[in-house]
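Undergrad: I'd like to ask you about the structure that follows.
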Amino acid sequence: MTYLIAIFVYLFVLTGIGIYKSRQVKTQEDFTVAGRSLSPWIMVCTMLAVWIGTGSIVGNAGKTYEVGMAAFFLPLGTFVGMILLSFIATRAREIEAISVPEIIGRRYNNTARLLAVIALVIAYLVIGS
């Protein structure tokens with residue numbers, strides 16, 4: 001019963017924070033890129049939490065059981081990638097695009113943008129499966 005109460009308190013606190021913060025969102029840019037107000041460090045930590053978090057909890061736990069402690073090295077590639085992305089985050093922010101395909105489309109052309117969208121859809125289908 002204690003666990004159930006703790007879960008409901010946690011959910012109510014999260015809902016309250018969500019309702020409070022939703023009043024600050026006025027445009028699509030506010031929603032998708034937080035009004036461009038986050039520091040590169042916060043963005044890297046957010047991406048690490050989202051990308052590594054789910055994979056580590058679901059995928060790496062099974063892999064660690066299967067192959068042993070060597071599987072703890074699996075998330076290191078993503079971690080290094082996030083650190084490298086933090087160095088180009090400032091430059092990407094200056095472009096003032098909302099998505100990666102939009103950045104690619106502005107840099108190259110609409111065909112490249114379409115190919116980037118297709119690549120992202122395929123990547124997320126693979127990640128989701």
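Undergrad: P75 versus (1) in contact (Cβ under 8 Å) with a residue 24 or more places away in the chain; (2) surrounded by 10 or more Cβ atoms within 10 Å (Cβ to Cβ): which is the lone unmet condition?
TA: So P75 meets the others, but not (1).
Undergrad: So, in region 1-51, exactly how many residues are in contact (Cβ under 8 Å) with a residue 24 or more places away in the chain and surrounded by 10 or more Cβ atoms within 10 Å (Cβ to Cβ)?
TA: The qualifying residues number 11.
Undergrad: So which of F79, F87 ends up being in contact with a Leu (Cβ under 7 Å, 6 or more places away or on another chain) and of a type in the set (F, W, Y)?
TA: F79
Undergrad: How do the pairs read when you match residues in region 114-127 that are assigned by TED's automatic domain parsing to the domain that holds E102 with residues anywhere that are among the aromatic types (F, W, Y) and surrounded by 13 or more Cβ atoms within 10 Å (Cβ to Cβ), using Cβ under 7 Å and keeping only pairs 6 or more apart or on different chains?
TA: none
Undergrad: Please tell me if A34 is closer than 30 Å to R113 by Cα and hydrophobic (A, V, I, L, M, F, W, C). Talk me through it step by step, then tell me what you get.
TA: Numbers: closer than 30 Å to R113 by Cα: yes; hydrophobic (A, V, I, L, M, F, W, C): yes.
Yes; evaluated as a whole, the condition is true for this residue.
The values are calculated or read from the model by the stated rules, or taken from the named source; none is laboratory data. As the structure is a prediction and not an experimental result, all values here were calculated from the model. Because the Cβ atoms are built from the backbone with ideal geometry, glycine has one as well, and the counts that use them run over all protein chains shown.
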